[in-house]
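J.: Before I ask anything, here is the structure I am working with.
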Amino acid sequence: MLTKFALFNGTVKAGREAEMREFIDQHLKPLWQQFQPSERVQVLYGVQQDPDGPVIPLVLAVTYRDHAAMEQAMASEARHKAREMLPELYQRFFNDVTLWHYVFEDDN
C-alpha cells in the first residue's frame, strides 16, 4: 500500500479556520474522495505541533494499493478539478501557503 500526503504548510487567516473547513468539506473533500481507485481518503486538520516546527494546518492523505492505482487517480478528472480549486482555497483562507507532496509505502 502507498499513501500520498499533501501537506499544506502555511498560516490560515485569523478567524477563518471554521470557514476553511466548511469550504473543504463542501467542495474539495467530495472531489478528493473521487480519486479512484483509492483505498482510503483522510482530511486532517492540525491542532497541535512542535513550537519550532513548520505550521501545517491541513493534510490530505490518500492510500492506494499500488503505483498503478495512484497514477490512475492522478490522471482523474476529479484531481484536475480539485487542483483548479486550490488557488481559491489559498486566496480565501491562507496568509501564505506551500504545498508539498510525499509518498510513503506501508511495510505490511
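The values are calculated or read from the model by the stated rules, or taken from the named source; none is laboratory data. Treat the numbers as computed from the prediction; the structure is a model and nothing was measured. When we count neighbours, we look across all protein chains shown, and the Cβ atoms used for this are built from the backbone with ideal geometry, even at glycine.
J.: Mind counting the residues in region 12-58 that are in a helix (DSSP H, G or I), without any contact (Cβ under 8 Å) to a residue 60 or more places away in the chain and closer than 19 Å to Gln72 by Cα?
T.: Counting residues in region 12-58 that are in a helix (DSSP H, G or I), without any contact (Cβ under 8 Å) to a residue 60 or more places away in the chain and closer than 19 Å to Gln72 by Cα gives 4.
J.: Could you look through region 87-108, keep only residues that are touching a Leu at 6+ places or on another chain (Cβ under 8 Å) and of a type in the set (Asp, Glu), and pick out the one that is surrounded by the fewest Cβ atoms within 10 Å (Cβ to Cβ)?
T.: Asp106
J.: Checking the condition more than 13 Å from the chain's Cα centre (by Cα), modelled with pLDDT of 95 or more and not in a helix (DSSP H, G or I), which residue from Asn9, Asn95 passes?
T.: Result of the check over Asn9, Asn95: Asn95.
J.: For region 60-83, check the following and say yes or no: at least one residue is in a helix (DSSP H, G or I) and within 22 Å of Ala18 (Cα to Cα).
T.: yes
J.: Any chance region 61-83 includes a residue that's touching a residue at least 60 places away in the same chain (Cβ under 8 Å) and in contact with a Phe, Trp or Tyr (Cβ under 7 Å, 6 or more places away or on another chain)?
T.: Within region 61-83, one or more residues are touching a residue at least 60 places away in the same chain (Cβ under 8 Å) and in contact with a Phe, Trp or Tyr (Cβ under 7 Å, 6 or more places away or on another chain).
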